[in-house]
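Each remark here refers to the structure printed beneath this line.
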Amino acid sequence: MMEALVASLGEVFSASHLVYMGLGVMIGLLVGIIPGLGGIAGMALLLPFLYGMEPGLALGMLMGMVAVIPTGDTFTSVLMGIPGSSASQATVMDGFPLAKKGQAARALASAFLSSLCGGVIGAIVLTGFILVARPLVLAFSSAELFVLTLLGLAMVAVLSGDSLFKGMAACGLGLLAGAIGTAPATGEFRLNLGVEYLFDGIPLIVVGLAIFALPEIVDLLIRRGSIAREQTSLGHGWRQGIRDVVDNRGLVAKCAGMGSLIGTIPGLAGSVVDWLTYAFASKTAKGEKHFGQGDIRGVIAPESANNACACGAMVPTLLFGVPGSGTAAIFLGGLLLLGLEPGVSMITTHLDLTYTIIWSLALANILGAALCLMLARPVAQLTRIPFVLLAPVITTLILFAAFQATRSLGDWYTLIAVGAIGLLFKQAGWSRPAFLIGFVLAPGAETYFYQSVQFHGMAAFLRPGVIIILTLIALAFAFPLIKRLLQRRQQPLAVGADVNRQTADIPVPTFGKIDLVLVVGLLALAAGAWYDVSGMSMIGGIFPMLAIAIMGTGALLAGAQAWKGQASWVSQPIGQPLVWLGGLLALVVVASLLGFISTAFLMTLGFIRFVARARWSTAALIAIGIGAFLLGMQALLNLHYPTGWLDATLF
């Protein structure tokens with residue numbers, strides 16, 4: 001173990017590793033300042049560049065991004081009052097009021113230093129988990145790993161929004177999408193509709209970009225304007241912000257510890273840990289309190305927990321192959337691209353790489369916080385850029401990254417198709433992380449199930465550890481239902497209370513026309529998919545049947561809940577988002593006819609000139625930059641783009 005520890009230290013502090021880590025930190029910082037994109041879309045953009053890279057360097061770049069995104073999105077939360085991601089919602093409560101008082105510098109300094117401390121504490125906790133959990137992981141068989149995967153999915157579904165059933169259906173759809181292609185046990189083709197592109201399944205890169213990046217881009221385009229809605233000055237108070245963290249070091253340690261522990265539970269991360277630690281700070285704070293009006297402790301608490309939570313999410317990801325968050329799911333996909341199998345191998349054969357991940361997390365947090373402090377003023381100016389100027393650049397990057405998955409036009413059309421699902425999920429409030437985690441876990445879960453049945457038969461699921469985990473799954477689903485039932489029964493017992501007001505305090509699931517489309521569509525998909533796999537062998541068809549059962553049951557129960565009047569009807573507009581998605585589809589069609597480079601150049605030129613209403617010189621400069629980037633990447637990485645008649649003529 002000491003040899004692995006020393007080897008990982010040598011790797012982390014090598015010049016090449018530091019360069020790639022710094023690159024990941026810079027990309028993460030840029031992604032973090034664009035509200036909504038977050039780590040999932042950013043990491044999905046990075047995945048194509050991992051092919052052929054040495055694992056240690058690739059992990060350094062990924063860890064640089066993982067570490068800095070929770071820090072980078074603080075800029076938008078403090079300066080604009082817009083959460084950079086769901087994990088920075090609580091920071092807005094006091095960070096933005098402080099900025100409006102001219103104390104943005106103080107809030108940012110406190111946030112960055114708190115993030116640094118939280119990330120380092122999280123890395124230490126992760127190290128402890130690796131040491132303590134090693135004997136437990138080695139004792140797990142395939143059966144325990146399979147039901148542990150189901151437990152992770154159950155937790156994600158339960159904690160994924162206002163409706164347990166919608167989260168359940170989203171998980172099932174993700175599992176079914178992950179089962180497309182070839183059955184690993186028998187080699188039978190399934191769910192591919194006779195389309196050659198789907199014979200090997202849908203690439204993770206395409207799914208990650210489609211389900212997260214595209215909906216956020218469309219949402220920002222609809223909002224228009226600059227990323228920042230108000231011009232907020234940084235003001236002064238950098239040193240005061242640092243002193244605030246030192247004075248509240250106990251709060252930093254407690255919130256970082258809470259974030260690390262909560263992050264280990266799949267699904268219980270992001271905004272959950274943000275609000276939990278914010279509530280903890282407001283309840284335990286001594287002296288004068290101004291929470292919600294500009295109390296610095298309201299910034300320190302959630303920022304300490306965010307980075308620690310990202311470290312905690314790596315525990316189930318590395319040890320069991322169960323991602324603790326959406327970002328961890330993409331990271332898991334990156335491990336698989338590098339030929340690394342999470343689980344036993346990460347604490348035996350590849351223990352040095354595991355420690356490399358831990359050290360990289362700690363070092364990247366330090367580097368990220370330092371860069372944020374140094375680059376605060378120029379980064380703050382980036383938030384003034386109108387998003388319509390950035391939209392064609394980001395769109396080109398998304399198409400570039402998606403095409404590198406299999407380098408076929410199917411990547412683009414699948415991006416649009418899955419992007420439509422992502423748009424519907426976003427507009428209706430369905431859990432996109434639940435879908436993504438289900439998709440990522442599908443191949444591993446099916447392999448564990450097949451190995452369990454092959455080696456031990458159905459007796460594998462009678463092992464004590466399996467029964468304990470299955471009991472936890474049942475409790476995970478039963479707890480929200482029991483809690484809601486108890487709340488309803490206790491309402492009339494409140495003497496002199498307003499019953500209608502108490503009823504309003506209970507979270508009520510929502511339902512709208514998009515929900516109706518999703519429910520009907522998923523039930524139709526369940527029927528068609530069941531017909532497709534019904535003729536397969538038992539071992540080849542049982543896993544997609546399980547996914548269909550989960551998806552269909554969740555959709556049916558969500559529909560029944562609305563039918564019984566247990567959900568409130570809400571308006572769910574979808575017209576404008578679908579128009580923008582249709583425009584992207586038209587762009588893909590044109591790119592397949594003219595060529596990617598020419599289309600990207602012309603699209604950028606026209607979009608910035610006529611939609612963003614910028615000068616011709618500005619439009620031409622950005623369009624030339626896009627063309628130069630694509631040509632440079634083609635020459636550097638020996639890439640091939642779709643070559644239409646115009647590209648063939650010009651290049």
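In the stretch 129-149, the residues that are farther than 23 Å from residue 263 by Cβ and in a helix (DSSP H, G or I) reach residues that are open to solvent by 60 Å² or more (accessible area, probe 1.4 Å) and modelled with pLDDT of 75 or more with C-beta atoms within less than 6 angstrom, at least six apart or across chains, in these pairs: 143/463.
Determine whether residue 86 is open to solvent by 20 Å² or more (accessible area, probe 1.4 Å), of a type in the set (Gly, Ala, Ser) and modelled with pLDDT of 80 or more. Working first, answer last.
Details: open to solvent by 20 Å² or more (accessible area, probe 1.4 Å): yes; of a type in the set (Gly, Ala, Ser): yes; modelled with pLDDT of 80 or more: no.
In short, no.
Set side by side, the residues 330, 347, 398, 366 differ, and just one is among the aliphatic types (A, V, I, L, M), crowded, with 20+ Cβ neighbours inside 10 Å and over 18 Å from residue 202 (Cα atoms), which is 347. When we screen 559, 541 for residues that are more than 19 Å from residue 170 (Cβ to Cβ) and touching a residue at least 40 places away in the same chain (Cβ under 8 Å), the only hit is 541. Which of the residues belonging to the stretch 425-442 are open to solvent by 40 Å² or more (accessible area, probe 1.4 Å) and either touching a strand residue (DSSP E or B) at 6+ places or on another chain (Cβ under 9 Å) or over 22 Å from residue 206 (Cα atoms) (or both)? Of everything in the stretch 425-442, just one residue is open to solvent by 40 Å² or more (accessible area, probe 1.4 Å) and either touching a strand residue (DSSP E or B) at 6+ places or on another chain (Cβ under 9 Å) or over 22 Å from residue 206 (Cα atoms) (or both), namely 429. Name the single residue, out of those in the stretch 192-207 being more than 26 Å from the chain's Cα centre (by Cα) and in a loop (DSSP other than H, G, I, E, B), that is surrounded by the fewest Cβ atoms within 10 Å (Cβ to Cβ). Of everything passing the filter in the stretch 192-207, 194 is surrounded by the fewest Cβ atoms within 10 Å (Cβ to Cβ). Of the residues that sit in the stretch 542-571 and are among the β-branched types (Val, Ile, Thr) and over 17 Å from residue 439 (Cβ atoms), which one is surrounded by the fewest Cβ atoms within 10 Å (Cβ to Cβ)? Only one residue fits best here, namely 570. Taking the stretch 572-590 as the range and being open to solvent by less than 30 Å² (accessible area, probe 1.4 Å) and of a type outside the set (A, V, I, L, M) as the test, the residues that pass are 572, 577. Contact map, the stretch 444-471: residues that are among the polar types (S, T, N, Q) paired with residues that are open to solvent by less than 30 Å² (accessible area, probe 1.4 Å), Cβ distance under 7 Å, separation 6+ or inter-chain. Pairs shown: 451/142; 452/142; 452/143; 452/146; 452/460.
Looking at this structure, is residue 170 at pLDDT 85 or above, over 15 Å from residue 554 (Cβ atoms), under 24 Å from the mean Cα position of the chain (by Cα) and surrounded by 24 or more Cβ atoms within 10 Å (Cβ to Cβ)? Spell out the reasoning first.
Details: at pLDDT 85 or above: yes; over 15 Å from residue 554 (Cβ atoms): no; under 24 Å from the mean Cα position of the chain (by Cα): yes; surrounded by 24 or more Cβ atoms within 10 Å (Cβ to Cβ): yes.
In short, no.
Only one entry of 440, 453 meets the criterion of being in contact with a helix residue (DSSP H, G or I) (Cβ under 8 Å, 6 or more places away or on another chain) and closer than 21 Å to residue 215 by Cα, and that entry is 440.
Taking the conditions exactly as written (modelled with pLDDT under 85, farther than 25 Å from residue 205 by Cβ and open to solvent by 40 Å² or more (accessible area, probe 1.4 Å)), does residue 476 satisfy them or not? Even if it seems obvious, please write down each step before you answer.
Numbers: modelled with pLDDT under 85: yes; farther than 25 Å from residue 205 by Cβ: yes; open to solvent by 40 Å² or more (accessible area, probe 1.4 Å): no.
Here the answer is no, as residue 476 does not meet what is asked.
Summed over the stretch 270-281, residues that are assigned to a helix (DSSP H, G or I) and either open to solvent by 10 Å² or more (accessible area, probe 1.4 Å) or of a type in the set (Lys, Arg) (or both) total 7.
Quick one: is residue 325 modelled with pLDDT under 85, closer than 22 Å to residue 47 by Cα and hydroxyl-bearing (Ser, Thr, Tyr)?
Values: modelled with pLDDT under 85: yes; closer than 22 Å to residue 47 by Cα: yes; hydroxyl-bearing (Ser, Thr, Tyr): yes.
So residue 325 passes the test.
Given the criteria assigned to a helix (DSSP H, G or I), closer than 21 Å to residue 391 by Cβ, over 32 Å from the mean Cα position of the chain (by Cα) and not aromatic (Phe, Trp, Tyr), does residue 621 qualify?
Details: assigned to a helix (DSSP H, G or I): yes; closer than 21 Å to residue 391 by Cβ: yes; over 32 Å from the mean Cα position of the chain (by Cα): yes; not aromatic (Phe, Trp, Tyr): yes.
Answer is yes for this residue.
The residues of the stretch 496-552 that are within 30 Å of the chain's Cα centre (by Cα), of a type in the set (Val, Ile, Thr), within 30 Å of residue 458 (Cβ to Cβ) and modelled with pLDDT under 95, listed by number, are 542, 550.
Hey, could you check the stretch 215-242 for residues that are farther than 15 Å from residue 104 by Cα and open to solvent by 40 Å² or more (accessible area, probe 1.4 Å) and say which is modelled with the lowest pLDDT?
So the first thing to find is which residues in the stretch 215-242 are farther than 15 Å from residue 104 by Cα, and the list is 215-227, 229.
Checking the rest, the ones that are also open to solvent by 40 Å² or more (accessible area, probe 1.4 Å) come to 219, 222-225, 229.
Working: 219: 79, 222: 79, 223: 68, 224: 61, 225: 51, 229: 48.
Looking at residues that are farther than 15 Å from residue 104 by Cα and open to solvent by 40 Å² or more (accessible area, probe 1.4 Å), I get 229.
With the condition being farther than 21 Å from residue 419 by Cα, I'd like the helices (runs of 4 or more DSSP H) fully within the stretch 503-611 carrying at least 3 qualifying residues. Walk me through it before giving the result.
Numbers: elements: 513-533, 538-563, 575-594, 596-606.
In the stretch 503-611, 513-533, 538-563, 596-606 are the helices (runs of 4 or more DSSP H) which contain 3 or more residues that are farther than 21 Å from residue 419 by Cα.
Scanning the stretch 282-302 turns up no residue that is under 20 Å from residue 96 (Cβ atoms), open to solvent by less than 10 Å² (accessible area, probe 1.4 Å) and touching a Pro at 6+ places or on another chain (Cβ under 7 Å).
Just to be sure, is residue 468 part of a helix (DSSP H, G or I) and surrounded by fewer than 18 Cβ atoms within 10 Å (Cβ to Cβ)? In short, yes.
Do you know which residues across the stretch 591-601 are open to solvent by 60 Å² or more (accessible area, probe 1.4 Å) and modelled with pLDDT under 95?
Taking the stretch 591-601 and keeping what is open to solvent by 60 Å² or more (accessible area, probe 1.4 Å), we get 593, 601.
Passing the criteria: only 593.
For the criterion of being in a helix (DSSP H, G or I) and touching a helix residue (DSSP H, G or I) at 6+ places or on another chain (Cβ under 8 Å), residue 636 fails.
The values are calculated or read from the model by the stated rules, or taken from the named source; none is laboratory data. In this text the structure is predicted, and so the values were computed from the model without any measurement. For neighbour counting, all protein chains shown are included, and Cβ atoms are generated from backbone atoms with ideal geometry for every residue, glycine included. Ligands, DNA and RNA are stripped out before the accessible areas are found, and what is left, the full protein with its side chains, is counted by its heavy atoms. Shrake-Rupley method; radii C 1.70, N 1.55, O 1.52, S 1.80 Å.
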